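The values are calculated or read from the model by the stated rules, or taken from the named source; none is laboratory data. Not measured: the values here are computed from a predicted model. Counting neighbours? That spans all protein chains shown, and the Cβs are built from the backbone with ideal geometry, glycine included. Surface areas here come from the heavy atoms of the whole protein model, side chains and all, with no ligands, DNA or RNA. Shrake-Rupley method; radii C 1.70, N 1.55, O 1.52, S 1.80 Å.
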Amino acid sequence: MPSTIKQVAKLVVIVMARLITFRFVADIMRLFFKSSWCTSNFLPTLLKTENMAFSFVKYHGAGNDFIMINGFDSPVLNWSPAQRAALCRRHYGIGADGIIIIRPSDNAAFEMVYYNADGEVGSLCGNGSRCALAFAHDMGIIDKEKWVSYLAFGGDYLGRVNGQGDVSIE
């Protein structure tokens with residue numbers, strides 16, 4: 001097996017085993033650079049201020065990619081804008097155009113909370129909304145073919161996942 005494939009396989013195992021904590025960055029750096037400076041001390045202090053272990057998946061839509069967090073199952077994540085921005089930084093964090101948290105709502109199927117890559121609360125994001133609907137469907141929160149109401153940026157919106165998996169929003 002070529003060396004690059006072995007390195008990628010090791011990387012996948014590390015990511016899966018750690019469920020993405022910021023120590024995995026140091027592990028990846030050690031794997032590829034095999035240098036003593038690649039330790040958790042190399043990571044920015046910003047990312048070590050609290051335990052930031054959490055589960056996520058990444059979705060993409062029309063060229064944008066998002067860190068998706070299931071707020072139905074996860075505890076409240078009280079991150080600062082700087083910490084959210086660090087997660088979105090490519091090459092140093094997870095890398096994404098934004099963070100989307102779907103969480104329970106009393107008035108809709110779910111609430112979508114969207115943060116831009118700079119860590120600040122964002123306005124409604126069409127690509128992000130489609131990803132949030134697909135994520136909610138994949139998590140079993142909404143059903144296919146059924147128009148559902150969801151909250152985002154203070155508004156009530158409609159969306160659905162059709163039988164082929166395509167997402168529509170209104």
Selection from the range 142-162 of residues that are open to solvent by 40 Å² or more (accessible area, probe 1.4 Å) and not in a strand (DSSP E or B): 143, 144, 145, 146, 147, 153, 154
Residue match in the range 134-141 (condition: surrounded by 15 or more Cβ atoms within 10 Å (Cβ to Cβ) and more than 18 Å from residue 55 (Cα to Cα)): no
For residue 76: the one exception among (1) within 15 Å of the chain's Cα centre (by Cα); (2) open to solvent by less than 30 Å² (accessible area, probe 1.4 Å); (3) of a type in the set (Val, Ile, Thr): (2)
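Consider residue 105 carefully, then state whether it is touching a strand residue (DSSP E or B) at 6+ places or on another chain (Cβ under 6 Å), part of a loop (DSSP other than H, G, I, E, B), open to solvent by less than 70 Å² (accessible area, probe 1.4 Å) and small (Gly, Ala, Ser).
Here the answer is yes, as residue 105 does meet what is asked.
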Test: residue in the range 129-139 that is within 18 Å of residue 61 (Cβ to Cβ), assigned to a loop (DSSP other than H, G, I, E, B) and not basic (Lys, Arg): yes
Hey, residue 69 in contact with a Phe, Trp or Tyr (Cβ under 8 Å, 6 or more places away or on another chain), of a type in the set (Val, Ile, Thr) and open to solvent by less than 30 Å² (accessible area, probe 1.4 Å) or not: yes
